[in-house]
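Scroll down for the structure; my scribbles are underneath it.
Please treat every number below as a calculation from the coordinates, not as lab data. Keep in mind that this is a model prediction, so the values were computed, not measured. Neighbour counts are summed over all protein chains in view; Cβ atoms, including those assigned to glycine, are modelled from backbone coordinates with ideal geometry.
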Ligand code: GLA
Ligand code: ZN
């Protein structure tokens, strides 16, 4: 069981007709027809509608909503309605509301706010999912189950404290093992009874907010526990669904690079991955590309669903710009180019009130078709119709991988020293951006992934090194591949304790270096790094962190130009087996990172697509029948002209393109070339 059975890229989104008078529904469906909207996500926030009291379920309205969608021939992505719990529930059972990091017990309000450890919440959410599945599993319009909504946050209540202690007992077996893992001899923290263990919060180990902890071990484990506790909520509902729906795929909508949840711990439990794309601004193309690749990597390269994106603007930010003309279409195609088998919006018809009344919608409050947003959505609907089902299930044939690891993210950012300014995402994104600019396909994979199919593996800021990863990275190099690691990689074991050896720990032999010390400086401080390889030379800037490298066999590729370590290596390359281990010891600027990454790629037979045309993104997907789809996306607001590398058909216009021919992509234009 994997992806929903649809016959083309699913197009539509969240639809909440219960918020509107029924007369409006007919108008909605006419407009959906006009925009070729074939998929609706129903019921994400309908708990109070469906269960108005603990002992009463009322499906009258929801039946009409689901039946209407089915009668209108739409695919339904059916939610379990547990995205927000009802007021009566919080009043009857105060245990369902969360206690926050500061120790404040919350009262009823907002959403996504249930204590994951509350037995009452678990019982009632499971029961609701069970009843919804029982009622609609037989409806052929339903193609997928959407559990909860954007799981996230954390709770610090007594129920969670008890759940944490259980989780720890299972994890460690004995207090002796736990004390060793958490290094509790430090500051006399030795635990002599499980009940002495408190959730790490502002009231206990944290001395300044969630990232400043006296004990990294307990904080890391609480992050892992909370991710698992919320996963248990998902699994409760999934199991309840399975009682009456053995075959339909189940998902929940993720949030991309969302720090609180380790999606790699979740991934195997979802039948397919889906996520909500709300980029922080309109200059985040590489970041979006990265996140799509991360989401595709959750299920070993299987396509994912783009579950939400706004057709125009968000409402939750202080300032909410609209997507400029053509941007929504371009970003939708970007999702497809990276492996999405759906393009779905939040939401189809605007909210009439409350906090999302100004959030972008396909259909606004006046129900018009003659708006810019509706026109653009309808145009995209027509394009996707033309594309049909040919890209469904198509895979990305990447030979470059980048490791992404939530444990490393957490460990790096909750560390006292060397620098609070070194954050995981910017480091990862700089290396991804270099690959993105070079025009190569990338798989973003967990540290446990099978690396045998990759020529190049990048491990930026892989602070925590777990299991046999060092050995598996060595294997990549042994057979001729390249592995690139950066500063602050290979520092700690799975419990966040330092390796009792030279930095970079078990990565040392592969990198052929040892780090003698590390220097962190204010953001204004720049130490220039001279990069040199043959006749290729670049002077780049380095900031924030500077590791002092003593080569143990590696050759020097980049050299610090200032301070007491001027003239010592900042970038190295080590021959290992038939391949190489590269180490970047300093926070190079983007130009420097891109230069190093190009050098790494140059050792391999990897085709770079339009590496020197900025703002032109390309990806490749290969369908199960071998058909190849080359996507070209012009992110610039001016046309670009390039030479076609392949002969094929542009699926959006039907025009033929010959290899070697000059082609022009208009501002924000997309070309989907089917080649053989
Ligand atoms: C999230 C939620 C939706 C909606 C949108 C608004 O993605 O899942 O319910 O609130 O944000 O941007
Ligand atoms: Zn709790």
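Provide the gained length on full extension for the span residue 34 to residue 352, in nm with one decimal, where the gain is 0.36 nm per separating residue minus the Cα-Cα distance. Please list the in-between numbers first.
On the way: separation 318, 0.36 × 318 = 114.48 nm, distance 2.23 nm.
Computed gain between residue 34 and residue 352 is 112.2 nm.
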Geometric extent, Cα atoms of the stretch 400-602 - Rg, Dmax (angstrom) = 15.2, 44
If you look at just the Cα atoms of the stretch 225-355, how large are its Rg and its Dmax in Å?
-> 15.7, 46
Going 7 Å from the Cα of residue 204 toward and past its Cβ, which residues in the stretch 131-164 have a backbone nitrogen under 16 Å from where you end up?
-> 154-164
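Rounded, prolate or oblate: which fits the stretch 400-477 when a ≥ b ≥ c are the square roots of the eigenvalues of the alpha-carbon gyration tensor, with rounded for a/c under 1.5 and prolate only if a/b beats b/c? It would help to have the intermediate numbers written out before the result.
On the way: a/c = 2.54, a/b = 1.28, b/c = 1.99.
In terms of gyration-tensor shape, oblate.
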Full extension from residue 448 to residue 48: what is 0.36 nm times the residue separation minus their Cα-Cα distance, to one decimal in nm?
-> 139.9 nm
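Give me Rg/Rg_expected for the stretch 526-676, where Rg uses Cα atoms only and Rg_expected = 2.2 N^0.38 Å with N residues.
On the way: Rg = 20.3 Å, N = 151, 2.2 N^0.38 = 14.8 Å.
Against the empirical 2.2 N^0.38 Å value, I get 1.37 for the stretch 526-676.
Give the shape of the stretch 158-221 as rounded, prolate or oblate, defined through the alpha-carbon gyration tensor: a ≥ b ≥ c are the square roots of its eigenvalues, a/c under 1.5 means rounded, and otherwise the shape is prolate if a/b is larger than b/c and oblate if not.
Verdict is oblate for the stretch 158-221.
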At residue 284 and residue 243, where each label point lies 7 Å from the Cα along Cα→Cβ, what is the point-to-point distance in nanometres?
-> 3.9 nm
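If you count, for each residue, the other Cβ atoms within 10 Å and average over each peptide, how do 165-177, 585-597, 450-462 line up from highest to lowest?
Ranking, from highest mean packing down: 585-597, 450-462, 165-177.
Calculate for the chain the 222 nm mean residue ellipticity that helices alone would give, adding -39,500 (n - 2.57) per DSSP H run of length 4 or more and normalising by residue count, nearest 500 deg cm²/dmol. Don't jump to the answer; show the numbers that get you there.
Numbers: 17 runs with 198 residues, N = 676.
For the chain, the value works out to -9000 deg cm²/dmol.
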With N set to the residue count of the chain, report its C-alpha Rg divided by 2.2 N^0.38 Å to two decimal places.
-> 0.99
Arranged from highest to lowest average of other beta-carbon atoms within 10 Å per residue, in what order do the peptides 295-307, 559-571, 474-486 appear?
-> 295-307, 474-486, 559-571
When 160, 77, 313 are ranked with the fewest other C-beta atoms within 10 Å first, the list becomes 313, 160, 77
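Would you kindly work out the equivalent ellipsoid of the stretch 616-675 from its C-alpha gyration tensor and give its semi-axes, the square roots of five times the eigenvalues, largest first in whole Å?
Working: eigenvalues 74, 32, 18 Å².
Largest first, the stretch 616-675 gives 19, 13, 9 Å.
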Over what distance in Å are the Cα centres of the stretch 255-288 and the stretch 490-541 separated?
-> 29 Å
Pop a pseudo-label 7 angstrom from the Cα along the beta-carbon direction at both residue 643 and residue 366 and give the gap in nm to one decimal.
-> 5.1 nm
FRET E, pair residue 23, residue 653, Förster distance 56 Å, beta-carbon r, rounded to 0.05 | 0.90
Report the full-extension gain for the segment residue 102 to residue 317: residue separation times 0.36 nm, less the Cα-Cα distance, to one decimal in nm.
-> 75.0 nm
Value of relative contact order over the chain, rounded to a whole percent, pairs C-alpha under 8 Å and six or more apart | 11 percent
Can you bin the stretch 522-564 into rounded, prolate or oblate? Criterion: square roots of the alpha carbon gyration tensor eigenvalues sorted a ≥ b ≥ c, rounded for a/c under 1.5, prolate for a/b above b/c, oblate for the rest.
-> oblate
Separation in nanometres of the label points that stand 7 Å from Cα toward Cβ, at residue 667 and residue 627 | 3.3 nm
Return a whole-number percent for the relative contact order of the stretch 616-675, with Cα pairs under 8 Å and 6 or more residues apart as the contact set.
-> 38 percent
Rel. contact order, % - alpha carbon contacts under 8 angstrom, at least six apart, the stretch 400-602 | 21 percent
In which sequence would 372, 521 go, from the one with the fewest C-beta neighbours within 10 Å to the one with the most?
-> 372, 521
